[in-house]
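The values are calculated or read from the model by the stated rules, or taken from the named source; none is laboratory data. Just so we're clear, the structure is a prediction, and the values are computed from it rather than from any experiment. Neighbour counts are summed over all protein chains in view; Cβ atoms, including those assigned to glycine, are modelled from backbone coordinates with ideal geometry. SASA here: full protein model, heavy atoms, side chains in, ligands and nucleic acids out. Shrake-Rupley method; radii C 1.70, N 1.55, O 1.52, S 1.80 Å.
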Amino acid sequence: MQKRILLWLIFLGTVVGLGYFLYRYMRPSSGRSIHVIDWLRNPSIHSDWAVQAGTRCLPDAPFVFPTDGFIGYLWNDSFKIGHRHQGLDIFGGTGIGVAPVVSAYPGFLTRLPEWKSAVIVRVPSDPLHPGRQIWLYYAHMADEMGNSFISSEFPPGTYEKRVDAGTLFGYQGDYSGDPVNPVGVHLHFSIVLDDGQGRFRNELDIDNTLDPSPYFGLALNATTAGEDIPACDP
Ligand SMILES: [Zn+2]
């Protein structure tokens, strides 16, 4: 009899443990999606949720915020099982082509000839790991048809153009690559590792990206940030 109870307890423990694991690490970021919807419906009543382009939370944070808006999705968020978000999604709460996108840190900008909505900036020395080269990727700066909102200073085929923190790159858009299914107006920002040969690694794989939290001085890792609004303390 006692053995059966023990087996049941082991079984229950396994189910609860597995459930907790799925909840903690695999669940879609439902709480954050609710906040994103709230924000997009009425940004003005949630103005305390927004960060401002060119500002930082802490005076010693290396990066300034690259755009205005609500940081709706974090690094390592999961939209569907097996997927992990490689960057931050910052929603301007405006129409397309309005919210400015600026450089978070000085570096050298490249826009590949085929890039409609994105630029990438080479940072020769990671401010948190001096000597390591990293890349900062900025995307969704075009409308759903692929008409670019990137500044004419950075046409397709731009290589290694020097930029400073705060240099204007363009404006947030809703380009997704599929005109029928545009995304909400936002900036996708990520920190990408170098391949050791002076090229950026594939940004789509989270293992090739870095947790942006220490660079902005703000909890931006989905697994540890909880569902609090990621904004600077007043
Ligand atoms: Zn994103």
Q: Enter the Cα centre distance for the pair the stretch 52-76 and the stretch 31-48, rounded to the nearest angstrom.
A: 17 Å
**Q.** Electrostatic dipole magnitude of the chain [Cβ: Lys, Arg +1; Asp, Glu -1; Cα centre; debye, to 20]
**A.** 740 debye
Q: In whole Hz, with x marking every Gly and Pro, tabulate ³J(HN,Hα) for the stretch 52-57 from phi via Karplus 6.51 cos²θ - 1.76 cosθ + 1.60, θ = phi - 60°.
A: 10, 3, x, 10, 9, 6
Q: Please give the per residue accessible area of the chain, computed with a probe of 1.4 Å over protein heavy atoms only, in Å².
A: 51 Å²
Q: Using Cα pairs closer than 8 Å and at least 6 residues apart in sequence, work out the relative contact order for the chain, in percent.
A: 22 percent
(Q) Can you give me the angle between helix 2-21 and the longest principal axis of the chain, using Cα atoms only, in degrees from 0 to 90, rounded to the nearest 10? (A) 10 degrees
**Q.** the chain - mean residue ellipticity at 222 nm from DSSP helices (-39,500 (n - 2.57) per run, n ≥ 4, rounded to 500)
**A.** -5000 deg cm²/dmol
Q: In nm, give the distance between the simple-model label positions of LYS80 and LEU112, each being 7 Å from the Cα along the Cα-to-Cβ direction.
A: 2.3 nm
Q: Please compute the net charge surrounding ALA219, taking Lys and Arg as +1 and Asp and Glu as -1 over other residues with Cβ under 15 Å from its Cβ.
A: -3
Q: Equivalent ellipsoid semi-axes for the stretch 195-234, as square roots of 5 times the alpha carbon gyration tensor eigenvalues: give them largest first, rounded to whole Å.
A: 27, 12, 7
Q: Please give the net charge around PRO100, taking every other residue with its beta carbon less than 15 angstrom from that of PRO100, where Lys and Arg add +1 and Asp and Glu add -1.
A: -3
Q) For the chain, what is the percent of antiparallel DSSP beta bridges, rounded to the nearest 5? A) 95 percent
Q | Per-pair calculated FRET efficiency, R0 = 22 Å: ILE206 and SER47 via Cβ, rounded to 0.05 | A | 0.10
(Q) Checking the a/c ratio against 1.5 first, then a/b against b/c, what shape does the Cα gyration tensor give for the stretch 121-234? (A) oblate
Q. How big is the chain by Rg and Dmax over its Cα atoms, in Å?
A. 19.8, 78
Q. Tell me, what is the 1.4 Å probe accessible area of ARG122, in Å² to the nearest 10?
A. 50 Å²
Q) Per the 1.4 Å probe, what fraction of the accessible area of the stretch 129-234, in percent, lies on carbon and sulfur atoms? A) 50 percent
Q) What nm value, rounded to one decimal, do you get for the distance between ASP195 and GLU160 when each label is placed 7 Å out toward the C-beta? A) 1.8 nm
Q. What is the local net charge at ARG132, summed over the other residues whose Cβ is closer than 10 Å to its Cβ (Lys, Arg +1; Asp, Glu -1)?
A. -2
Q) Does the stretch 69-166 come out rounded, prolate or oblate, given a ≥ b ≥ c as the square roots of the eigenvalues of its C-alpha gyration tensor, rounded meaning a/c under 1.5 and, failing that, prolate meaning a/b above b/c? A) oblate
